[in-house]
Every structure is written in structure tokens, then in C-alpha cells.
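Everything on this sheet refers to the single structure shown next.
Coordinate-derived values only; no laboratory data. The structure presented is a predicted model; accordingly, all values stated were derived computationally and were not measured. Here the Cβ positions follow ideal geometry from the backbone for every residue, glycine too, while neighbour counts run over all protein chains shown.
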Amino acid sequence: MERVTFEAQKREKTGKGGARSLRMGNIIPAVLYRGGNSMPVQLGAKELSQFISRSAGEQVIVNLKFSDDTKQAIVKDFQVDPVSSTLLHVDFQEISATEELKVAVHVLITGEALGVKRDKGILQHGLREIEIECLPDKIPGHINVDVSKLLIGQAIHVRDINLGEGILVLTEPDEVLATVIAVREEVAAVVEEVAVVAEPEVIKKGKKPEAETKKD
């Protein structure tokens, strides 16, 4: 598993005002979590932003190097500005080399399904992440799922992947990661959906029954 090292400092400025002041100085406010405890920290904006951008969707062990100690962690969450895409905040989870932890690992679909290439089917993605439990050095950066042999009507489930010894998969085994469906099934589903939506309108605009003719 990839590892990177960042210079870090304990953060004294907290709250929205403190965070804003740090960002103006090209520093990113962050929090390091460990069990039920948390410690405000800060890191250089340029290096951290590049790392988050480069490793999005990947699990990477981070060495946070303080003046008196170095702590290992993984990125649990981060926030970016929705307009400028500027990194605003990062949450780290401290880890121990000897303690198993639960993490969500990104699923990467690879290959072109035979049912799509040859039979003109449609590939549908399922879960984007799988939760696992293992020691830090066993955490995969991502999970490759090869769909090249998938035919129409076939699917790859969580139970079909093998992550190796020492990795416990916590996600339900019947969850679908990828499947190929026929085009006609997709069209039929769209037609059915349109019909359901349009039905009340059809009834509303239907011809009114003629009044009964008065008998002499």
C-alpha cells in the first residue's frame, strides 16, 4: 500500500474564523481522530491539495510528522469548495500497524464486457465501494473488478471477488458490483416508466361518455 509523509502541526486556531485565517495563509485545517478522541491539526495547502486530488478514491497510508512524533493515519473524509473546488478541510483517522480497522475501498471496473462489445448490451455499475476489515498494511489502494467476460444477464457480486488472506469483507455477499442487461430491457423499463407517468393524463383527456338519450 502506498505511503506518503506530510509535515504537520497541532492547530491552535479553531472555529470558522480560525479556519478561514489558516486558509488565507495557505494552510489546511484538519482533524486527527483516534477512538473517541480528536486533535485539531494543520498541514500545508499545496502538498495536501495535490495529494487529495491525485489519490481520490484510493486508500493511502499517511505519515503525519510532528515536531516530537510521527503518527500513521488514513484520510476518512475531506471537504472542497463547491464553486472553486479548493480543498477546505480534511479528516484523518489515526491507525496502528498492529490493529485491524474497518475501511471502505473504492471499486474500479476494468475491461469491456463481452455482452456489451459483441451483443450490444448495457453495463450497469453496482456498488462503488466495499467495506473491509484488516491490518493497515493489507489495505488495497482499490479493488479491481474485471468485467471483460460478462455476458448479457450475468453479474459480478461481492462474493465473487477474492482479496486474499487477512482481509475480511464486511459488505453483504449478494450485493452487485456490475451487471450487463439487454438493450430491450432498458427500453422496456423506460417505456413502462413513461406509461405510468402518462396514465393519469390520458384518463383526464379521455372522451367523456355521451349522455343517455331520454326515453319517450
Checklist line | Pairs beyond 30 Å (Cα-Cα), from 13/71; 76/117; 76/120; 65/138 | finding: 76/117; 76/120
Next item on the list: Read phi for every residue in segment 101-111 and hand back ³J(HN,Hα) as whole Hz from Karplus 6.51 cos²θ - 1.76 cosθ + 1.60, θ = phi - 60°, with x for Gly and Pro.
Entry: 9, 9, 9, 9, 10, 5, 9, 10, 7, 10, x
Checklist line | Loop-located GluC sites (Glu not before Pro) in segment 84-144, at most 10 other Cβ atoms within 10 Å (DSSP) | finding: 99
Next item on the list: Return the long-range amide H neighbours of residue 127 (sequence gap of 5 or more, or a different chain), with a cut-off of under 5 Å between placed amide H atoms.
Entry: 176, 177
Notebook entry, point to check: Of all DSSP beta bridges in segment 3-95, what percent run antiparallel (nearest 5)?
Noted result: 70 percent
